[in-house]
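Report on one structure; see the data block that follows.
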Amino acid sequence: MAEETESTKTEPLKTAEEEFKKLEITEEEESELKLETSDHVTFMVEASIAMKFGAVQQYLEVSPAASASATAIPLHNVASRELILILEYYRMHDWVDAGERDLKEFDERFLKDLNYEELKELLLAANYLNVEKLFNFLTKSIANIIRNKDVEFVRTFFGIDNDYTPEEEAAYREENAWAGVKFV
Amino acid sequence: MIILPEDLIQEILLRLPVRSLLRFKCVCKSWHSIVSNPQFAKFHFDLAAEPTNRLLLRFSQGSKAKSIDIEAPLHDESTSVVLNIPLPPLALNYRCWTRIAGSCRGFILLTDELLDFFFDFVIWNPSTGYHKRINNVPMYPDLCGFGYDSSNDDYVVVNMSPSHGLFLNGALHWLVVKSHDNTGVIVAFDVMEKKLTEISLPRDVAVASKSKFYRLRIMGGCVCICFKGYRTPMLELWMMKKYKVQSSWTKSFVRFTDHYHSFSTFTPICFTQNGEILGSDDAKTLRKLNDKGELLEHRTHGLETRRFDGLLHCGLYRESLLTLSGSN
């Protein structure tokens with residue numbers, strides 16, 4: 001009896017150890033790239049994610065040596081707080097176990113945490129990094145914010161000065177009034 | 001304040017529906033010129049981030065057409081749902097034979113008889129008011145369809161068959177009956193290759209389809225044949241799920257649950273996003289059914305009653321900002 005309990009005890013320990021070893025190996029295999037943001041913060045990022053960034057791909061094409069972790073790839077137009085958000089987004093969307101509903105919830109929360117200025121900042125960063133999925137998500141989200149808003153809201157949102165004379169503006173509003181386009 | 005460069009503004013605008021874009025022309029001059037740019041209109045249509053479908057109803061005697069949002073409740077009269085759109089100038093001041101002869105990429109093809117068999121055509125974008133006239137064409141207006149040749153960015157008006165052709169996958173489609181054996185067949189005219197091909201009907205339908213109750217429809221992006229006999233409580237709906245794949249014809253029934261419908265000749269027009277069926281059962285009445293055949297709502301429009309073929313005269317179109325490029 002005693003012998004038996006002994007052996008059953010050591011069994012799981014052994015597998016856990018093996019599992020741990022395996023994990024270590026996969027972690028070693030998952031190569032990382034060093035990215036440096038405009039405010040000089042360096043990030044070690046999984047290559048599988050970093051290589052989704054068009055700007056990183058392009059940099060590595062020009063200077064392949066940077067794929068060795070020692071050299072940081074500079075991201076001139078991305079600040080660290082934006083890169084943190086971008087990585088959060090891609091880690092979630094890359095996560096194999098994430099279901100459609102998880103992603104939807106994540107996207108909603110992700111948006112809710114951003115104010116309009118941060119949203120535009122992030123769009124600029126996504127554009128610079130050339131990350132398609134996030135770029136589409138952000139442009140679509142901004143479109144959703146403004147789609148039912150009035151012209152004045154849109155001007156404020158984007159910081160646009162009205163360069164029409166009052167007469168011109170009235171004329172354009174008249175032009176589309178028949179189509180039931182409301183100008184609040 | 002972060003100011004986005006114009007190329008990013010344009011990317012955002014591409015993802016807005018047509019009606020928001022028309023409103024936002026007033027934001028500033030540069031937005032006006034982005035939204036008015038024909039290339040932008042094309043990108044916007046092709047991206048289809050926010051496609052919105054409307055139904056243009058046959059005209060009253062007046063100079064306006066009624067356009068309704070197919071997704072909205074039929075009784076919703078709000079200004080964003082029901083539009084009264086001024087018609088483009090036609091020759092004869094909107095006499096009752098101004099007809100909808102086709103629909104393609106947000107354009108409606110209107111015909112107006114001048115003299116016997118001489119017609120004015122107007123290619124009209126009801127969303128923007130843009131229109132182009134083709135004057136004095138000698139043809140029979142029933143023999144016509146309107147399609148788009150993507151290889152040349154050309155719009156093609158085809159003169160050939162009864163009832164207006166339906167545009168799908170680069171081809172115009174008509175349901176015709178072969179005179180030698182009285183069987184029905186779908187004729188497809190590829191507007192790019194200028195070639196005619198035939199699509200066979202499912203065998204059960206081929207012989208019966210000479211009956212005028214069979215209708216060709218494009219629904220849910222598929223070629224469909226619908227049939228609703230008088231005094232039968234069922235609508236037969238044949239969908240060709242894969243284009244030109246004969247084995248993909250799928251039959252489904254919509255069984256009407258209310259007594260009234262058994263006696264109507266309901267014909268579907270399209271599916272809404274929720275999978276409801278929008279259709280009409282006489283020259284005036286629109287009905288919405290769910291997929292179980294339950295009547296959700298109906299509405300009789302106070303429109304002119306002259307019948308063309310006993311069905312509501314209407315044109316389904318997706319809102320677009322497109323104009324015709326070049327002079328063809």
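The values are calculated or read from the model by the stated rules, or taken from the named source; none is laboratory data. For clarity, every value in this text was computed on a predicted model and none was experimentally measured. No Cβ is skipped: glycine too gets one built from the backbone with ideal geometry, and neighbour counts run over all protein chains shown.
Points to keep in mind about this one:
- Only a single criterion out of (1) modelled with pLDDT of 85 or more; (2) within 13 Å of chain A (Cβ to nearest Cβ); (3) assigned to a strand (DSSP E or B) is not satisfied by B:Asn84, namely (1).
- Yes/no for B:Ser209 being modelled with pLDDT under 75, closer than 23 Å to B:Asp281 by Cβ, under 16 Å from the mean Cα position of the chain (by Cα) and of a type outside the set (Phe, Trp, Tyr): no
- Qualifying residue in the stretch B:56-72 (condition: at the interface with chain A (Cβ under 9 Å from one of its Cβ atoms) and under 30 Å from A:Leu119 (Cβ atoms)): no
- Meets criteria (more than 20 Å from A:Asn127 (Cα to Cα), free of Cβ contacts under 8 Å to residues at least 40 places away in the same chain and of a type outside the set (Gly, Ala, Ser)) for A:Pro74: no
- Residue that is surrounded by the fewest Cβ atoms within 10 Å (Cβ to Cβ), among those in the stretch A:99-119 that are part of a helix (DSSP H, G or I), under 13 Å from the mean Cα position of the chain (by Cα) and within 14 Å of chain B (Cβ to nearest Cβ): A:Glu118
- Selection status of B:Tyr140, of a type outside the set (A, V, I, L, M), within 27 Å of B:Arg19 (Cα to Cα) and at pLDDT below 80: no
- Members of the stretch B:1-37 that are within 8 Å of another protein chain (Cβ to nearest Cβ), hydrophobic (A, V, I, L, M, F, W, C) and part of a helix (DSSP H, G or I): B:Leu8, B:Ile9, B:Ile12, B:Leu13, B:Leu22, B:Phe24, B:Trp31
- The one condition from (1) touching a residue at least 60 places away in the same chain (Cβ under 8 Å); (2) within 25 Å of A:Leu134 (Cβ to Cβ); (3) within 19 Å of the chain's Cα centre (by Cα) that B:Glu50 does not meet is (1).
- Exactly one residue out of A:Ala179, A:Ala171 is modelled with pLDDT under 95, within 13 Å of another protein chain (Cβ to nearest Cβ) and exposed (fewer than 15 other Cβ atoms within 10 Å of the Cβ): that is A:Ala171.
- Which listed residue is at pLDDT below 80, among the aliphatic types (A, V, I, L, M) and surrounded by fewer than 19 Cβ atoms within 10 Å (Cβ to Cβ), from B:Leu312, B:Leu324, B:Leu303: B:Leu303
- Residue match in the stretch A:83-98 (condition: assigned to a helix (DSSP H, G or I), surrounded by 15 or more Cβ atoms within 10 Å (Cβ to Cβ) and either in contact with a Ser or Thr (Cβ under 6 Å, 6 or more places away or on another chain) or of a type in the set (Asp, Glu) (or both)): yes
- Answer from A:Tyr89, A:Tyr59 - the residue that is touching a helix residue (DSSP H, G or I) at 6+ places or on another chain (Cβ under 6 Å) and either within 16 Å of A:Val131 (Cβ to Cβ) or at pLDDT below 90 (or both): A:Tyr89
- Number of the exception - A:Lys52 against (1) of a type in the set (Lys, Arg); (2) closer than 27 Å to A:Ile142 by Cβ; (3) out of contact with any helix residue (DSSP H, G or I) (no Cβ under 7 Å at 6 or more places or on another chain): (3)
- Qualifying residue in the stretch A:143-166 (condition: in contact with a Gly (Cβ under 9 Å, 6 or more places away or on another chain) and surrounded by 13 or more Cβ atoms within 10 Å (Cβ to Cβ)): no
- Within the stretch A:127-150, residues that are farther than 14 Å from A:Asp107 by Cβ and within 7 Å of chain B (Cβ to nearest Cβ) sit with their Cβ atoms under 7 Å from residues that are outside any loop (DSSP other than H, G, I, E, B) and not polar (S, T, N, Q), at 6+ positions apart or across chains, in these pairs: A:Asn127/A:Phe135; A:Asn127/B:Leu8; A:Ala143/B:Ile12.
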